[in-house]
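The values are calculated or read from the model by the stated rules, or taken from the named source; none is laboratory data. Just so you know, these numbers come straight off a predicted model, no measurement behind them. Using ideal geometry, Cβ is built from the backbone for each residue, glycine included, and neighbour counts are taken over all protein chains shown. Side chains are part of the model used for accessible areas, which takes the heavy atoms of the whole protein and leaves out ligands, DNA and RNA. Shrake-Rupley method; radii C 1.70, N 1.55, O 1.52, S 1.80 Å.
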Amino acid sequence: MPFKSSPQKFNASIKTVEIGTGDKKIALGGENVLPFYSFDGSAENLKKVGIEILDTGLETFSPELAEFYGNETEIAAIAKKAAQAEGADFLCLRFEGADPNGLDRPVEECVAIASAVCDAIDIPLVIYGSKNGEKDIALFGAIAEALQGKNALFMSANEENYKTLAASVGLAYGQKLSAESAVDINLAKQLNVLIGQVGVAPESIVMNVGAATAGYGFEYVASTMQRTIMAALQQNDVMIQMPIITPVSSETWYVKESVAAEADVPEWGSANERGIMNEIATAAACLAAGSHAVILRHPTSVKAVSNLIQALA
Amino acid sequence: MSKFIVIGERIHVISPVIREALDKRDPEPILQRAKDQIAAGATYIDVNIGPAESQGVDIMKWAVTTIQEACDNIPLALDTANKAAIEAGISVYNRSKGKPIVNSADAGDRVEYIDLAAANDAIIIALLSKDGIPSDNDERMEYLQEMLERGMGLGMEPDDMWFDPLFLVIKGMQEKQLEVLEAIKMVTDMGLMTTGGLSNVSNGMPKNIRPIIDAVFIARAIQAGFTSAILNPNDEQMMQTIKCCDIINNEVLYADSFLDL
């Protein structure tokens, strides 16, 4: 019997969210087909890959990774190099050093770093916070003001700080805001509703529905992403049609499979290679489950995942 | 299954405001009611212009264009005994957000409304009655068969035939209520769609009683498989009940604010 293709299209689509400005601005979402189902219809915008750098420079990076960056000490030089990595669609600057329980870098210093990075690159910028909700309110407000007109994305607002961040980042400074819901699909929808009620347009919101390294409860992350996409497309639920962005590197580079030294577990082989494999495997799984963008750290991973996206387009 | 479909009933010639607005072609009161109903969650807006024997064609054309142009082409149910008026309404109808509904056919004198819907690629509301109230569900199912065969014979999709079991007023026909719910179940078991003017059940009851009776009745009807209803979307208790049913049926993703959406 001849094969008869029956496309699975939905009368609903993911909203398109643009980040950045100029020639290299990116658009996430827009499709009305399942992830990578380009045979069913137009996948619209290709999924995107971001490269992550830290405000702390190369300190915590592996020696191999520091070498890629030429052991630079200036954040602007590091950013420039990152932005030139093959396959990098956007750059994510993570303020690990802003955490009050760590270096507690003052907001003014962070603003200077963000501005320097922004000036050094020509691809869109994502600002990733300190993971401290209180600190991020001050941090994001100040950076969003300094980067006005750059259409940057700020990650992320949560249940506690969404009101202030929606008003400052989203409304006052016209930047894009990510809503973080940590593997809770009902909260993901609720946060979109609440941020919308503050007055932020749906086209300015993306979702971080949770992340985990493959093997570390990843099935919860994957099923949350899949259910999110199905509610968006199948049920045409406008409150959950925002694109998904997933910070992969901030998970995968902290598990023992990535960090254990080869000397300690020789049977596992090169730590650097393990870290890269972990990052690629997790990113590919996130994209297949529904993520529209992933944030990675190693240039080798960025290139590999970007190639995967191109190959499946 | 899918999300429950609400057909807003408030643009009805029986209301003096609407009657006057239709007569004078005054868009304001009609659009106000259309917008109120859409904001409250109506998927379709019913446009009942009454028998409209003389000017029906003009009135329906005007009403369809007026409402759709102002309300992002909201899909409509065209509700009149004047067949020419329904055809005229469909001739100017914008299908971008959904097919028109013809309201309504029955197995008796109005059976030809099925032909009209079939000829115009519309949805038909088909009352399970012939001459007045059906005496039992055997009768209802007999009418269903007649109408289903007629529609399918004319090339209609079964999903475009929404069967109305005919809701009966509790005050006076209390003993018939479970039978109506059973009828919904029987139609649902055949894989078919259902609808109806549900608030008829509370007719004649005090104003403070009607919303709770309507709400409980619709919850039980949805439990039996009911897929849509012609009702007042601005009845908050009714709409909250429907939203809760959609959540329990897993047709809408839960969020704490779901009642406000």
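Here is how the numbers come out for the structure above:
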{"read-out": "Positions within segment A:227-254 being in a loop (DSSP other than H, G, I, E, B), within 14 Å of another protein chain (Cβ to nearest Cβ) and either open to solvent by 40 Å² or more (accessible area, probe 1.4 Å) or over 29 Å from B:Asp260 (Cα atoms) (or both), in sequence order", "value": "A:Gln234, A:Gln235, A:Asn236"}
{"read-out": "Qualifying positions in segment A:121-143 - in a loop (DSSP other than H, G, I, E, B) and of a type in the set (Ser, Thr, Tyr)", "value": "A:Ser130"}
{"read-out": "Any hit, segment B:119-134, residues being open to solvent by 10 Å² or more (accessible area, probe 1.4 Å) and part of a helix (DSSP H, G or I)", "value": "yes"}
{"read-out": "Which numbered condition A:Gln175 fails, given (1) within 11 Å of chain B (Cβ to nearest Cβ); (2) closer than 14 Å to A:Met155 by Cα", "value": "(1)"}
{"read-out": "Every residue from segment A:132-167 that is under 18 Å from the mean Cα position of the chain (by Cα), in contact (Cβ under 8 Å) with a residue 60 or more places away in the chain and open to solvent by 10 Å² or more (accessible area, probe 1.4 Å)", "value": "A:Lys150, A:Asn151"}
{"read-out": "Residue within segment A:213-226 that is within 14 Å of another protein chain (Cβ to nearest Cβ), open to solvent by 20 Å² or more (accessible area, probe 1.4 Å), at pLDDT below 95 and on the phi > 0 side of the Ramachandran plot present", "value": "no"}
{"read-out": "Which numbered condition B:Asp58 misses (of (1) within 17 Å of the chain's Cα centre (by Cα); (2) over 20 Å from B:Met156 (Cα atoms); (3) open to solvent by 10 Å² or more (accessible area, probe 1.4 Å))", "value": "(1)"}
{"read-out": "Residue among A:Asn236, A:Asn278 that is on the phi > 0 side of the Ramachandran plot and polar (S, T, N, Q)", "value": "A:Asn236"}
{"read-out": "Meets criteria (outside any loop (DSSP other than H, G, I, E, B), open to solvent by 30 Å² or more (accessible area, probe 1.4 Å), away from chain A (no Cβ under 14 Å) and of a type outside the set (Asp, Glu)) for B:Val187", "value": "no"}
{"read-out": "Qualifying positions in segment B:167-184 - open to solvent by less than 30 Å² (accessible area, probe 1.4 Å), closer than 30 Å to B:Lys99 by Cβ and not aromatic (Phe, Trp, Tyr)", "value": "B:Leu168, B:Val180, B:Leu181, B:Ala183, B:Ile184"}
{"read-out": "Scope segment A:192-212; condition buried (at least 23 other Cβ atoms within 10 Å of the Cβ) and within 13 Å of chain B (Cβ to nearest Cβ); matching residues", "value": "A:Asn192, A:Ile195, A:Met207, A:Val209"}
{"read-out": "Residues of segment A:72-120 that turn out to be assigned to a loop (DSSP other than H, G, I, E, B) and either under 14 Å from A:Val302 (Cβ atoms) or open to solvent by 30 Å² or more (accessible area, probe 1.4 Å) (or both), as a count", "value": "17"}
{"read-out": "Candidate set: segment A:5-35, residues that are surrounded by 18 or more Cβ atoms within 10 Å (Cβ to Cβ) and over 30 Å from A:Ala144 (Cα atoms); chosen: the one farthest from the chain's Cα centre (by Cα)", "value": "A:Phe10"}
{"read-out": "Residue in segment B:237-261 that is farthest from the other protein chains (Cβ to nearest Cβ), counting only those that are open to solvent by 40 Å² or more (accessible area, probe 1.4 Å) and aliphatic (A, V, I, L, M)", "value": "B:Ile248"}
{"read-out": "Unique match (being farther than 21 Å from B:Gly98 by Cα, open to solvent by less than 70 Å² (accessible area, probe 1.4 Å) and in contact with a helix residue (DSSP H, G or I) (Cβ under 6 Å, 6 or more places away or on another chain)) among B:Ala70, B:Ala34, B:Ala81, B:Ala52", "value": "B:Ala52"}
{"read-out": "Cβ pairs under 9 Å, 6+ apart, first in segment A:178-191 and more than 8 Å from every other protein chain (Cβ to nearest Cβ) and closer than 9 Å to A:Gly210 by Cα, second hydroxyl-bearing (Ser, Thr, Tyr) and open to solvent by less than 20 Å² (accessible area, probe 1.4 Å)", "value": "A:Glu180/A:Ser156; A:Ser181/A:Ser156; A:Ser181/A:Thr224; A:Val183/A:Thr224; A:Asp184/A:Thr224"}
{"read-out": "Failed item, numbered, when B:Ser199 is tested on (1) assigned to a helix (DSSP H, G or I); (2) modelled with pLDDT of 95 or more; (3) open to solvent by less than 40 Å² (accessible area, probe 1.4 Å)", "value": "(2)"}
{"read-out": "Search result, residues across segment A:279-304 that are surrounded by 24 or more Cβ atoms within 10 Å (Cβ to Cβ) and either among the basic types (Lys, Arg) or assigned to a helix (DSSP H, G or I) (or both)", "value": "A:Glu279, A:Thr282, A:Ala283, A:Cys286, A:Leu287, A:Arg297, A:Ser301, A:Val302"}
{"read-out": "Tabulated pairs, segment A:48-62, first without any contact (Cβ under 8 Å) to a residue 40 or more places away in the chain and on the phi > 0 side of the Ramachandran plot, second of a type in the set (D, E, K, R) and assigned to a loop (DSSP other than H, G, I, E, B), C-beta under 8 angstrom, 6+ apart or interchain", "value": "A:Gly57/A:Glu72"}
{"read-out": "Residue count, segment A:255-278 (criterion: in a loop (DSSP other than H, G, I, E, B) and either surrounded by fewer than 18 Cβ atoms within 10 Å (Cβ to Cβ) or within 14 Å of chain B (Cβ to nearest Cβ) (or both))", "value": "8"}
{"read-out": "Unmet requirement for B:Ile209, which otherwise passes all of (1) surrounded by fewer than 21 Cβ atoms within 10 Å (Cβ to Cβ); (2) β-branched (Val, Ile, Thr); (3) within 14 Å of chain A (Cβ to nearest Cβ)", "value": "(3)"}
{"read-out": "Segment B:218-236 - residue that is surrounded by 15 or more Cβ atoms within 10 Å (Cβ to Cβ) and of a type in the set (S, T, N, Q) and, of those, farthest from the other protein chains (Cβ to nearest Cβ)", "value": "B:Asn232"}
{"read-out": "Single condition A:Ser156 does not satisfy, out of (1) more than 14 Å from chain B (Cβ to nearest Cβ); (2) within 30 Å of B:Tyr254 (Cβ to Cβ); (3) not in a strand (DSSP E or B)", "value": "(3)"}
